[in-house]
1. Name every residue in segment A:122-142 that is crowded, with 24+ Cβ neighbours inside 10 Å and more than 7 Å from chain B (Cβ to nearest Cβ), in order of residue number.
2. Run down B:G95, B:G103, B:G56, B:G74 and say which single residue is touching a residue at least 60 places away in the same chain (Cβ under 8 Å), away from chain A (no Cβ under 14 Å) and either in contact with a helix residue (DSSP H, G or I) (Cβ under 8 Å, 6 or more places away or on another chain) or farther than 25 Å from B:L157 by Cβ (or both).
3. Could we say that C:A214 is touching a residue at least 60 places away in the same chain (Cβ under 8 Å) and surrounded by 21 or more Cβ atoms within 10 Å (Cβ to Cβ) here?
4. Please work out which one of (1) assigned to a loop (DSSP other than H, G, I, E, B); (2) at the interface with chain A (Cβ under 9 Å from one of its Cβ atoms); (3) more than 22 Å from A:G136 (Cα to Cα) is the condition B:R284 fails and give its number.
5. Identify, by number, the condition in (1) surrounded by 24 or more Cβ atoms within 10 Å (Cβ to Cβ); (2) under 25 Å from B:L121 (Cβ atoms); (3) aliphatic (A, V, I, L, M); (4) out of contact with any Cys (no Cβ under 9 Å at 6 or more places or on another chain) that B:M212 doesn't meet.
6. Given segment C:88-187, what helices (runs of 4 or more DSSP H) lie entirely inside it while holding 1 or more residues that are within 14 Å of chain A (Cβ to nearest Cβ) and surrounded by 16 or more Cβ atoms within 10 Å (Cβ to Cβ)?
7. Could we say that B:A36 is touching a helix residue (DSSP H, G or I) at 6+ places or on another chain (Cβ under 8 Å), over 24 Å from A:A128 (Cα atoms), surrounded by 15 or more Cβ atoms within 10 Å (Cβ to Cβ) and within 14 Å of another protein chain (Cβ to nearest Cβ) here?
Amino acid sequence: MATTTDAGQRPRRSALTGGRHLADRLFQGITGVAASIVLIIVAGLFVQLIWRSWPAMKANGFSFIWQTNWDPARGIFGAGAFLVGTALTAVSALILATMVAVLVALYLVEIAPAWVARPISYMVELLAAIPSVVYGLWGIYVLGGFVKDVIGPVLTNTLGTFIPFFGGTPRVTGLLSAILVLTIMIIPTVMAVSRDVIAAVPGSQREAILALGATRWEAIRIAVLPYARSGVLGGAILGLARAVGETLAVTLVIGNRVSIPDTIFAPTYTMASVIANQFQEAEGATHRAALMEVALLLLVLTFVINVIARILVWRVTNGQRAVVIE
Amino acid sequence: MTTASTESLFTPATESLFRRRRTTDRVMTIIMLSAAVLAVTPLVLIVFHVLTHGIGALSLSLLTEDPNPAGRPGGGVRNSIVGSAIMVGMATAIGAPIAIACGVFLSEYGQNRLGTVLRFLVDVLAGMPSITIGLFIYSLVVLPNKKFTAIAGAMALAVILIPVVARITEEMLLLVPRSLREAAFALGAPRWRTVMTVVLPTALPGIVTGLMLALSRIAGEAAPLLFTSLGNQFFSTDPFSAIDALPTRIYFYASGPFDYWHEQAWAMSLLLVGFILVVSLIVRALAGTKVTVRQ
Amino acid sequence: MNEPGSPAAIGERSPMDLRPTQTMATPNANGDDKAPKRIALRVDHISAWYGNKLAVSDITLDVDAHSVTALIGPSGCGKSTLLRCMNRMHEVTPRGRVEGKVILEGEDIYGAGTDPTRVRQRIGMVFQKPNPFPTMSIEENVAAGLRFMSITSKSEIADRVENSLKAAALWDEVKNDLKKPGIALSGGQQQRLCIARAIAVEPEVVLMDEPCSALDPLATLKVEDLMRTLAVKYTIVIVTHNMQQAARVSDRTAFMLAGEGGFGQLIEYRPTDEIFTNPSDKRTEDYITGRFG
């Protein structure tokens, strides 16, 4: 604690905190208020959404979560179908994205020379800077056509011949298009965290296994990945949080129909997309409150996912290097 | 003895194992390289399509005219561009001071339990879906005032900006060498003066970099604006009325029925992506430090 | 002190020998008491770079089989770099590059078509800081290298683990805790675990890069004793910044020094007792008597 010349002239409050400039305390106070605004915002988010969805919670009860009927005209509200749609899109995207992203991260850290790694790293991170609506636009008018004309027929003729879920008529907008757009959107998140975590694996670990005669891949599999495992998992879960909360790109390509998809091409809804699509034209207060309840569900879900992910990432990087995410 | 281990290394079994291991290594290397190519491909494709589709619809009238009534081709998106600029500007004015002060608090007084909790909350806020942030401001500002306003939109954007800038500020402050701080302390400077005159100015380039990246991020956000600033077909600069923005107009046009809307949506995307890429390149050229903002 | 590295000592089978069942004896090494020392590793005009910076220049030296060879010199003299050139670990360092030859059993480890993984199976390494794999148990740590050999039977793996831990003088301390994580051990134990891991694959040469620099004096003594014992069966090359240690454990000592260009050169390479009592080069004498370094 810095003591100053006029410290002795002030009455000491206690041995530890006494003798500080009034200006110093003011400074701490002002910045502290700014910091607590964050706390207020987070708390406010929950409070406002709980408040606005309270009528819906009373009317719908707990069955709101698994009830799959959503019929605003008849006042029936269940978020089950949206939960399924969210889970299907987010988890599928997460699996696809993690496979690619972890391999990219391994390539960048373990194999590529710096002059290759840097531009690739930068380009993948630029993907994260492209706005959601642009992904949506590209998703409908470019990717959607590719899904309908190329990926769709290939899937129906192969997997679709024995798994009905992969059969059906390929469409431009639907589950698969949403999954693919989300995959592209969360690859940067998962890649960046994985890359940082993998780079944080001490070189001595790699050397130890290489000196035993391991190939580079064996070094990755035996020494690097086990060491970085929980951090990579944390990165993947952060990607999941992003996929769950992603709104407009999904709204544009998912087809927007209240139903649990029976094929991978079927149109459906996620929690975020039903809010974006219906809130403005909501038919009255109950519909609006029900959408607020969906938002609350979404908020709680992403909150839990985020907390798990942060804990995992923090444990690995352990403050040695802060990973700035999102 | 030496020959013994040599022999054990070159038995036929070891040989085939060795070849298998070498093949696996090569195959996995190729797979990793392919993944890298695969991951970069979407960026190249998106930039390519935005460029080729957007450049055709890009014209002076797009920048200087307001939208025609629906269904009548032509017109522009001047209102959206100006609206975006206004809201991003207001969001920065609201959010940046809070964010920077929060970052200062975290780095100066945050090496304790309270700091850990706050840092955690900042990270959690950064991960909240932007649509829920839009609803939060809708509930907090729009409903009580019974009006969609540019201010409400700016507030929603500010909520998105705050955690990003706060964390970057904290990191940039922690990068300032300890010796610099100690030199100021040794001169008898109180903490606030040390921070304001020594630490913050030293970290300023990094903070500005982070702020620019955060700006380019909120400039592309549409979801939080849907229920706050709503959108406006007409030109407006009034902070207390509904206002248009580029991302919301892209969303509106992309899901609409007219071809010229789609073309204009591509052109607006070109403006937006161009802006973001330029900011990103400038930031990268200016700052040697690694600062990234992920949307 | 008796010299285990001498032909007489090699001729006897040590009680510590790991392979009591091994019947074949190499005539060269074991048969003839009067045979001249065999050369395990011949470093032939080795130079090493980091990017464009030359770190080690044109070094030639022969490493005797079944002996301890020490590389000493002030920091920055390239002794660790030279050591890492001996099993192709230098090229793992970003922008690391090597020129020259290292001959093992008549074969150049840098020869065309030579796979570094095979080289490292025959020339093991122990590092400055103990680096057990944190996600693996003690047992799994020792067995880590065995999966690169065609050793799959559980009993053989268990035997190898036990023998290696015994040879590394760690067995008695850990035999009841083989499933515990390797990082739960003390620093000195971790380093002996790493030595056990290195010798489990039965290399011909074990390179040790300042293996005691992170250890306390007692643990250091243990590892030094271990080196002497291991030299009966293996060829050991050790880098050390501690001259007393070189004097205590090594049979031959190479003194290196960074010249004006900043790159390491070999100044003198002779039997340890000679180099410490009667250095032939003025610079060696200066270093040994503590005038620089």
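1. If the condition is that a residue be crowded, with 24+ Cβ neighbours inside 10 Å and more than 7 Å from chain B (Cβ to nearest Cβ), then A:Y135, A:G139 are the ones that fit.
2. On the way: B:G95 fails: away from chain A (no Cβ under 14 Å); B:G103 fails: away from chain A (no Cβ under 14 Å); B:G56 fails: away from chain A (no Cβ under 14 Å).
The unique qualifying residue is B:G74.
3. Details: touching a residue at least 60 places away in the same chain (Cβ under 8 Å): yes; surrounded by 21 or more Cβ atoms within 10 Å (Cβ to Cβ): no.
In short, no.
4. So the condition that B:R284 fails would be (1).
5. For B:M212, the exception is condition (1).
6. Numbers: elements: C:116-122, C:138-143, C:154-167, C:171-174.
Those helices (runs of 4 or more DSSP H) span C:116-122, C:138-143, C:154-167.
7. Details: touching a helix residue (DSSP H, G or I) at 6+ places or on another chain (Cβ under 8 Å): yes; over 24 Å from A:A128 (Cα atoms): no; surrounded by 15 or more Cβ atoms within 10 Å (Cβ to Cβ): yes; within 14 Å of another protein chain (Cβ to nearest Cβ): yes.
Against the criterion (touching a helix residue (DSSP H, G or I) at 6+ places or on another chain (Cβ under 8 Å), over 24 Å from A:A128 (Cα atoms), surrounded by 15 or more Cβ atoms within 10 Å (Cβ to Cβ) and within 14 Å of another protein chain (Cβ to nearest Cβ)), B:A36 does not qualify.
Residue-by-condition table, conditions (1) closer than 30 Å to A:M191 by Cβ; (2) buried (at least 20 other Cβ atoms within 10 Å of the Cβ); (3) modelled with pLDDT of 95 or more:
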position	(1), (2), (3)
B:T6	no, no, no
B:I31	yes, no, yes
B:V50	yes, yes, yes
B:S61	no, no, no
B:R78	no, no, yes
B:V88	yes, yes, yes
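The values are calculated or read from the model by the stated rules, or taken from the named source; none is laboratory data. Here the structure is a predicted model, which means the values were calculated and not measured. FYI the Cβ positions are ideal-geometry reconstructions off the backbone, even for glycines, and counts take in every protein chain you see.
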